[in-house]
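Structure, as structure tokens:
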Amino acid sequence: MNTIPLTLDAYRPTYTVLGGGRGSGCRDGFPVSVLLLNRGPMLYRAEMIQELVRVGFESIVSMELIGDSPELEGLASRYPQVRFICLHEAANLGVRVNIGMRESCSPFVFVLWNDQRLATSTLSSRFFDKVVDLDAACLVPTLNDATGSPVPSISHPAQSGKAFRIVPLPPKADGEKSLYPFDACGIYSREKFMLLGGFDWTIDNPYWQKLDFGMRTWLWGETIRYAQALRLNYDGAPPAEDTTPDADYGRFWLKNLAPALRGDAATLPGARMLSYLFRSMKGPAQALGDFKAARAWVEACAYRFKADATRLADLWDPLS
């Protein structure tokens, strides 16, 4: 598929919504709702929802797996704060997050998984005031594995010659920059997420999909930062990131690493075509089609770019 979406509304899969009656709205003064992503066994689904309700979230969107619905009607009647989204077809991570963002009603959306637990029983109003004041596209949490050890979930860019590298590290300081949201977790500004175009659903590999969103966020002048007060613990091992360069890497490269900033606009130089041909693992005709689609996308978004990848890495200061 050559076309690169400009907005998250470019693709709208079909789904059914269960629940969301009494009490499902977003209350004044509590600007964050929850987007709960599901994977693996659902043994503790009810306990997870109960915990989120107890913390104070009055609007929760739960993205369900296909065919995973026998108990949902009962849960929907017990927890009117929750809307269960039942997809009619398989969907990658980006599609599910995009749908959840559209279905959420708060200005900020806390994205987490069913195999994670909040490490605190409350989130103070002062914390939510800080969420608003920081004005970030996404605030990422502390992530600990089942043993309590910190996950290297903060990522920094580094330029090594002509190679652009991503360096994963444990978080160090509140407000630290991160290139992308690890495991897609964090508190997102719903408005900024929409303006950034959401996740690119044409990229299937979740690593390149998340990195594409993160790079676009920074290249377009928005920020992703670490919020020390926001802590999540995994029930088991955190998911492994598949960072293997594949066909999806090619699309990521064309959108984020290949564009060059010229004055106040980005361009995709024709000289990058040969570099892409070697990276794409595709035939010349298909690679040319991909390149033309990427060039059209860069042209459409040219004035959204505030930096290119080289400038981003050169000027990166984790605590600035």
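The values are calculated or read from the model by the stated rules, or taken from the named source; none is laboratory data. Please read all numbers here as calculations on a predicted model, not as lab measurements. As a convention, Cβ positions derive from the backbone with ideal geometry for all residues, glycine included, and neighbour counts pool all protein chains shown. Areas reflect the complete protein model, heavy atoms only, side chains present, ligands, DNA and RNA absent. Shrake-Rupley method; radii C 1.70, N 1.55, O 1.52, S 1.80 Å.
Annotation: of all residues in the range 48-78 being assigned to a loop (DSSP other than H, G, I, E, B) and open to solvent by less than 20 Å² (accessible area, probe 1.4 Å), the one that is modelled with the highest pLDDT is Ser59. Say whether the condition of being free of Cβ contacts under 8 Å to residues at least 12 places away in the same chain and closer than 22 Å to Ala158 by Cα is met by at least one residue in the range 245-267. Yes; the residues of the range 245-267 include at least one that is free of Cβ contacts under 8 Å to residues at least 12 places away in the same chain and closer than 22 Å to Ala158 by Cα. For beta carbons closer than 8 Å, sequence separation of 6+ or different chains, a first residue in the range 79-92 that is farther than 11 Å from Tyr15 by Cα and a second that is acidic (Asp, Glu) and open to solvent by 30 Å² or more (accessible area, probe 1.4 Å), the qualifying pairs are Gln81/Glu58; Arg83/Glu103; Asn92/Asp204. The single condition from (1) at pLDDT 95 or above; (2) open to solvent by less than 50 Å² (accessible area, probe 1.4 Å); (3) aliphatic (A, V, I, L, M) that Leu195 fails is (2).
I'd like to check something: does the range 259-280 contain any residue that is of a type in the set (Ser, Thr, Tyr) and in contact with a strand residue (DSSP E or B) (Cβ under 7 Å, 6 or more places away or on another chain)?
To start, the set of residues in the range 259-280 that are of a type in the set (Ser, Thr, Tyr) comprises 267, 275-276, 280.
Now narrow it down to the ones that are in contact with a strand residue (DSSP E or B) (Cβ under 7 Å, 6 or more places away or on another chain): 267.
Yes, the conditions are met somewhere in the range 259-280.
Scanning the range 96-111 for residues that are open to solvent by less than 10 Å² (accessible area, probe 1.4 Å), under 15 Å from Ala227 (Cβ atoms) and out of contact with any Leu (no Cβ under 6 Å at 6 or more places or on another chain) yields a single hit, Phe110. Report, by residue number, each residue of the range 287-317 that is assigned to a loop (DSSP other than H, G, I, E, B) and either more than 22 Å from Asp248 (Cα to Cα) or aliphatic (A, V, I, L, M) (or both). Of everything in the range 287-317, those that are assigned to a loop (DSSP other than H, G, I, E, B) and either more than 22 Å from Asp248 (Cα to Cα) or aliphatic (A, V, I, L, M) (or both) turn out to be Lys306, Ala307, Leu315, Trp316, Asp317. Residues in the range 131-142 that are at pLDDT below 95 and part of a loop (DSSP other than H, G, I, E, B): Asp135 alone.
Here is a yes/no grid of residues against (1) modelled with pLDDT of 95 or more; (2) surrounded by 19 or more Cβ atoms within 10 Å (Cβ to Cβ); (3) under 21 Å from Trp297 (Cβ atoms):
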{"position": "Leu211", "(1), (2), (3)": "yes, yes, yes"}
{"position": "Trp218", "(1), (2), (3)": "yes, yes, yes"}
{"position": "Ala229", "(1), (2), (3)": "no, no, no"}
{"position": "Gly236", "(1), (2), (3)": "no, no, no"}
{"position": "Pro239", "(1), (2), (3)": "no, no, no"}
{"position": "Thr243", "(1), (2), (3)": "no, no, no"}
{"position": "Asp248", "(1), (2), (3)": "no, yes, yes"}
{"position": "Trp253", "(1), (2), (3)": "yes, yes, yes"}
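Say we look at the range 79-95 and pick out the residues that are assigned to a strand (DSSP E or B) and crowded, with 21+ Cβ neighbours inside 10 Å; which of these is nearest to the chain's Cα centre (by Cα)? Ranking the qualifying residues of the range 79-95, first place goes to Ile85.
Of all residues in the range 269-304, those satisfying the criterion of being open to solvent by less than 90 Å² (accessible area, probe 1.4 Å), under 19 Å from Phe164 (Cβ atoms), of a type in the set (A, V, I, L, M, F, W, C) and more than 25 Å from the chain's Cα centre (by Cα) are Ala271, Met273, Leu277. Residues of the range 146-163 that are in contact with a strand residue (DSSP E or B) (Cβ under 9 Å, 6 or more places away or on another chain) and either open to solvent by 40 Å² or more (accessible area, probe 1.4 Å) or at positive phi (or both): Ala146, Gly148, Pro150, Pro152, Gln159.
Criterion applied to Ala300, Ala240, Ala294 was being among the aliphatic types (A, V, I, L, M), free of Cβ contacts under 8 Å to residues at least 12 places away in the same chain and more than 30 Å from Lys130 (Cβ to Cβ), and the one residue passing it is Ala240. Any residue in the range 143-163 that is farther than 26 Å from Tyr249 by Cβ, touching a Gly at 6+ places or on another chain (Cβ under 6 Å) and not in a strand (DSSP E or B)? Yes, the range 143-163 contains at least one residue that is farther than 26 Å from Tyr249 by Cβ, touching a Gly at 6+ places or on another chain (Cβ under 6 Å) and not in a strand (DSSP E or B). Each residue in the range 164-189 was checked for being of a type in the set (Phe, Trp, Tyr) and part of a strand (DSSP E or B), and 2 pass.
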